[in-house]
1. Going by the structure shown, is GLU216 in contact with a Ser or Thr (Cβ under 6 Å, 6 or more places away or on another chain) and not in a strand (DSSP E or B)?
2. What are the residues in segment 49-105 that are open to solvent by 10 Å² or more (accessible area, probe 1.4 Å), part of a helix (DSSP H, G or I) and not aliphatic (A, V, I, L, M), if any?
3. Taking THR175, is it within 21 Å of CYS58 (Cα to Cα), among the hydroxyl-bearing types (Ser, Thr, Tyr), crowded, with 20+ Cβ neighbours inside 10 Å and at pLDDT 95 or above?
4. Residue check, ILE112 against (1) among the hydrophobic types (A, V, I, L, M, F, W, C); (2) touching a strand residue (DSSP E or B) at 6+ places or on another chain (Cβ under 6 Å); (3) in a loop (DSSP other than H, G, I, E, B), all met but one. Which one?
5. Considering each of LYS195, LYS166 in turn, give the residue that is basic (Lys, Arg), open to solvent by 60 Å² or more (accessible area, probe 1.4 Å) and more than 17 Å from the chain's Cα centre (by Cα).
6. Which of the residues belonging to segment 31-48 are within 15 Å of VAL72 (Cα to Cα), open to solvent by 70 Å² or more (accessible area, probe 1.4 Å) and either modelled with pLDDT under 60 or of a type in the set (D, E, K, R) (or both)?
7. What are the residue pairs meeting all of these: first residue in segment 123-141, first residue closer than 24 Å to GLU90 by Cβ and of a type in the set (Phe, Trp, Tyr), second residue open to solvent by 20 Å² or more (accessible area, probe 1.4 Å) and in a strand (DSSP E or B), Cβ atoms under 8 Å, and 6 or more apart or on different chains?
8. Would you mind finding the one in VAL206, VAL174 that is in a helix (DSSP H, G or I), farther than 19 Å from GLU104 by Cβ and among the β-branched types (Val, Ile, Thr)?
Amino acid sequence: MKIARITFLISVLLASASCQPKNTAIKPVLAQQETIEKIELTVEELQNYETAYFASGCFWCVEAIFESVKGVKEVVSGYSGGTEENPTYEQVAYGRTRHAEAVEVFYDPEVISFTKLVQVFFGSHDPTSLNRQGPDRGAQYRSIAFYKNEEEKKVIVDYVTLLESKSVYDRPIVTQVKEFDVFYKAEDYHQDFEKRNPNNSYIRNVSIPRYNRFKENFKSYLKEESH
């Protein structure tokens, strides 16, 4: 896949990865992940920040990536993009709903803009891969950039147009640009899964390498402790 060097764009990373509830054969990759101490914020404190919603494959991977970004205060793994109420992981992961694995990003707009979050989103997965990221296949792993208002929609659409105009990819971008409706928080054991399960085989072989590739391409976006 071709990556164009664009001086006024961030480096775009094409990473193929996600999570699957069943075993998948993956070649081992030696990788290290730093232990980042997380400061827990209360529900009341989180209300002081803006929210953004994205789906780009395994929420274990996506959560860890966004939490490493400056200005991001909290990331929650969950489900969005479908119509079914109160979906469970088993229902979503096995394609029994129209939801995708997604994340809710709480961020400080005085530190990082929605535009930069969109850049992180596109730069941390393969937006040309239809209903698939890495070893995981199905619409539950599709690429979605959610918007809450027309301003956010314009940011996403304009950025997609820019990527395509510069031929960053040699295949069409298939990311859905979708109006945000509702987000369902995933089960507690999914929250901070990558940080709490560094020796999990999927985390070692897929999530951490994806995270490390992201860090290499977005050094200026990272929190100090993420370097």
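1. On the way: in contact with a Ser or Thr (Cβ under 6 Å, 6 or more places away or on another chain): no; not in a strand (DSSP E or B): yes.
When the stated conditions are applied, GLU216 does not pass them.
2. The answer is TRP60, GLU67, TYR89, GLU90, GLN91.
3. On the way: within 21 Å of CYS58 (Cα to Cα): yes; among the hydroxyl-bearing types (Ser, Thr, Tyr): yes; crowded, with 20+ Cβ neighbours inside 10 Å: yes; at pLDDT 95 or above: yes.
Spelling it out, THR175 is indeed within 21 Å of CYS58 (Cα to Cα), among the hydroxyl-bearing types (Ser, Thr, Tyr), crowded, with 20+ Cβ neighbours inside 10 Å and at pLDDT 95 or above.
4. In the conditions (1) among the hydrophobic types (A, V, I, L, M, F, W, C); (2) touching a strand residue (DSSP E or B) at 6+ places or on another chain (Cβ under 6 Å); (3) in a loop (DSSP other than H, G, I, E, B), ILE112 misses (2) alone.
5. After ruling out the rest, the residue left standing is LYS166.
6. If the condition is that a residue be within 15 Å of VAL72 (Cα to Cα), open to solvent by 70 Å² or more (accessible area, probe 1.4 Å) and either modelled with pLDDT under 60 or of a type in the set (D, E, K, R) (or both), then GLU37, GLU40, GLU45 are the ones that fit.
7. Here the result reads TYR141/ARG132, each pair linking segment 123-141 to a residue that is open to solvent by 20 Å² or more (accessible area, probe 1.4 Å) and in a strand (DSSP E or B).
8. Values: VAL174 fails: in a helix (DSSP H, G or I).
Sole residue among the options that is in a helix (DSSP H, G or I), farther than 19 Å from GLU104 by Cβ and among the β-branched types (Val, Ile, Thr): VAL206.
The values are calculated or read from the model by the stated rules, or taken from the named source; none is laboratory data. The structure presented is a predicted model; accordingly, all values stated were derived computationally and were not measured. Because the Cβ atoms are built from the backbone with ideal geometry, glycine has one as well, and the counts that use them run over all protein chains shown. To get the accessible areas, we keep the full protein, side chains included, count just its heavy atoms, and leave off ligands, DNA and RNA. Shrake-Rupley method; radii C 1.70, N 1.55, O 1.52, S 1.80 Å.
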